[in-house]
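Below you'll find the structure, written out as structure tokens, and then a few comments.
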Amino acid sequence: MATLDAYGPPGNLDDLDDFGRKAWNKFISDTVDEAVQGPDPRQVLNDSPRPQFYNLTGTDTASDVQRASITWTAFPRIIKITSVGDLQRWQRADASRDVQDEYCEWSVARDGSGKITRVTFTCEGPEYWEVLAQTNPDKVVDLYRAFISPDVRKEDLFSPSGRYQPRNKWNDSTSHGAMHLIQANNTLGAEIELAAAATIRRVLNGQELSTEQELVNCSKYGAAERNSDPHIGAGVNALARQKADISLADPVGLYFDDLSTDGWETPDGSDPRSYWTYVRGDSEHRVRAVYEVPQAKGFAVGDITIGGRPIEFGAQIADFITIRLTGLACRFNSSTAQPQTACKEFPAVDVRPEGFGASAFSTSGRFLDPRPTLSYRSSRAT
């Protein structure tokens, strides 16, 4: 098979013009190349390079290629395991987008009585919107008006200097809309870095690591308590242990896999799955979904029950959503890459006071991506 001409936009969306598509390809290609190289070994030990990860536009994909879909539950597991009972975890998950860290975020609309009428879910990475905003800002405004509210104004989305604000009044809560992901760890850069880091095989004391928790705790490519990070890492590493070359399928992105409605009941006996609609992305790469009952039906989302309990939170629906990424593996049993024989480590560094720069940190104290226009986290580790 030939190399890929260019990486396409997530969901094969058609928002970008020709220049925007070129900018997007460069962003993904550069991010993949950086992930292949890995971190500076003087700053991070036992985590680079990653020779089993490759760029689809620079290396051909062999004829023995296999696709591997990796799926996980959208509800944030960290909230689940730190809550007392379902009611508390649903309340906490619906309270803030900042805790929705499984590459899926949502916003809930209610009627005057507080009953849920619509829940909107998104898994679109913020980097795509940064590129779109830089290359076609008017298109950003049009999309917000189409999917969030006709009342959106350009000044709501852009700073006085013209810079796009991902956390704007229409995309910063669980009640006023969700255009794309904003949680700090929910980025495509983090997805790519996680996948690349997971291609490193680890052998400790003569035993090769293979379980989800062994790998995530040793390789430190994400949070061990999440649904997504350990599962993605283990799925990728299983391919790496077959001595294959690995990449993320084009178009690179996070996608909705499915909604299961087992145990759901509607007032009129209609299929509860029929009210789940994908509204953005092609049929194989869906990045936006809405759960809403048509007004003509005479009942609302809040009248539907799950396990006998009415839907009172968007989080109840998130329990039944799965998110997906797709990897590619080829050249099985051909890689000569040697496993690391130690876990990822951060060596002690003597940092002098003048070495600090405020611009190197976000307001939460986390490192920012060094690229000036795409300051999103490239790591899922907390």
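In summary, THR341 fulfils each of the numbered conditions (1) among the β-branched types (Val, Ile, Thr); (2) touching a helix residue (DSSP H, G or I) at 6+ places or on another chain (Cβ under 9 Å); (3) farther than 30 Å from GLN88 by Cβ with the single exception of condition (2).
A single member of ASP5, ASP33, ASP40 is modelled with pLDDT of 95 or more, of a type outside the set (Gly, Ala, Ser) and surrounded by 14 or more Cβ atoms within 10 Å (Cβ to Cβ), and it is ASP33.
Each residue in segment 56-79 was checked for being outside any loop (DSSP other than H, G, I, E, B) and either touching a Ser or Thr at 6+ places or on another chain (Cβ under 9 Å) or among the β-branched types (Val, Ile, Thr) (or both), and 10 of them qualify.
Just a yes or no: is a residue in segment 281-292 closer than 27 Å to ASN171 by Cβ and in a helix (DSSP H, G or I)? No - not one qualifying residue is present in segment 281-292.
Filtered by the rule that a residue be acidic (Asp, Glu) and touching a residue at least 60 places away in the same chain (Cβ under 8 Å), segment 147-177 gives a lone residue, ASP172. Just one of the numbered conditions (1) farther than 30 Å from ALA348 by Cβ; (2) out of contact with any Lys or Arg (no Cβ under 7 Å at 6 or more places or on another chain); (3) free of Cβ contacts under 8 Å to residues at least 40 places away in the same chain is not true of SER48: (1). Remark: pairs (first residue in segment 289-300, within 16 Å of ILE148 (Cβ to Cβ); second residue surrounded by 16 or more Cβ atoms within 10 Å (Cβ to Cβ); Cβ separation under 6 Å; 6+ apart in sequence or on different chains) = ALA289/PHE121; ALA289/PHE256; ALA289/TYR278; VAL290/THR120; GLU292/ARG118. Scanning segment 105-148 for residues that are of a type in the set (Gly, Ala, Ser) and at negative phi turns up SER107, ALA109, GLY112, SER113, GLY125, ALA133, ALA146.
Mind listing just one residue for me: the one in segment 87-100 that is of a type outside the set (A, V, I, L, M), out of contact with any helix residue (DSSP H, G or I) (no Cβ under 7 Å at 6 or more places or on another chain) and touching a residue at least 24 places away in the same chain (Cβ under 8 Å) and, of those, farthest from GLY298 (Cα to Cα)? Looking at residues that are of a type outside the set (A, V, I, L, M), out of contact with any helix residue (DSSP H, G or I) (no Cβ under 7 Å at 6 or more places or on another chain) and touching a residue at least 24 places away in the same chain (Cβ under 8 Å), I get ASP98. Of all the listed residues (THR187, THR199), the sole one being over 20 Å from ALA329 (Cβ atoms), touching a residue at least 40 places away in the same chain (Cβ under 8 Å) and touching a helix residue (DSSP H, G or I) at 6+ places or on another chain (Cβ under 8 Å) is THR187.
With respect to the stated conditions, GLY263 is over 30 Å from ASP60 (Cβ atoms), surrounded by fewer than 20 Cβ atoms within 10 Å (Cβ to Cβ) and in contact with a strand residue (DSSP E or B) (Cβ under 7 Å, 6 or more places away or on another chain).
Of all residues in segment 151-198, those satisfying the criterion of being assigned to a loop (DSSP other than H, G, I, E, B), touching a Ser or Thr at 6+ places or on another chain (Cβ under 9 Å) and of a type in the set (Val, Ile, Thr) are THR174, THR187. For VAL108, the stated conditions hold: it is in a strand (DSSP E or B), touching a helix residue (DSSP H, G or I) at 6+ places or on another chain (Cβ under 6 Å) and either surrounded by 15 or more Cβ atoms within 10 Å (Cβ to Cβ) or of a type in the set (Gly, Ala, Ser) (or both).
Got at least one residue in segment 118-139 being assigned to a loop (DSSP other than H, G, I, E, B), of a type in the set (Ser, Thr, Tyr) and at pLDDT 95 or above? No: zero hits.
Between ALA224, ALA234, the distinction of being within 17 Å of the chain's Cα centre (by Cα), outside any loop (DSSP other than H, G, I, E, B), more than 15 Å from THR322 (Cβ to Cβ) and without any contact (Cβ under 8 Å) to a residue 60 or more places away in the chain belongs to ALA234 only. Of the numbered criteria (1) among the hydroxyl-bearing types (Ser, Thr, Tyr); (2) in contact with a Lys or Arg (Cβ under 7 Å, 6 or more places away or on another chain); (3) farther than 22 Å from ASP101 by Cα, the one TYR221 fails is (3).
Checked against the criterion of being out of contact with any Phe, Trp or Tyr (no Cβ under 7 Å at 6 or more places or on another chain), crowded, with 16+ Cβ neighbours inside 10 Å and among the basic types (Lys, Arg), the candidates ARG153, ARG145, ARG202 yield just one match: ARG202. Return yes or no: is THR363 at pLDDT 95 or above, over 16 Å from VAL236 (Cα atoms) and part of a loop (DSSP other than H, G, I, E, B)? No, not satisfied.
The values are calculated or read from the model by the stated rules, or taken from the named source; none is laboratory data. All values derive from a computational prediction rather than experimental measurement. All Cβ positions, glycine included, derive from the backbone under ideal geometry; neighbour counts span all protein chains shown.
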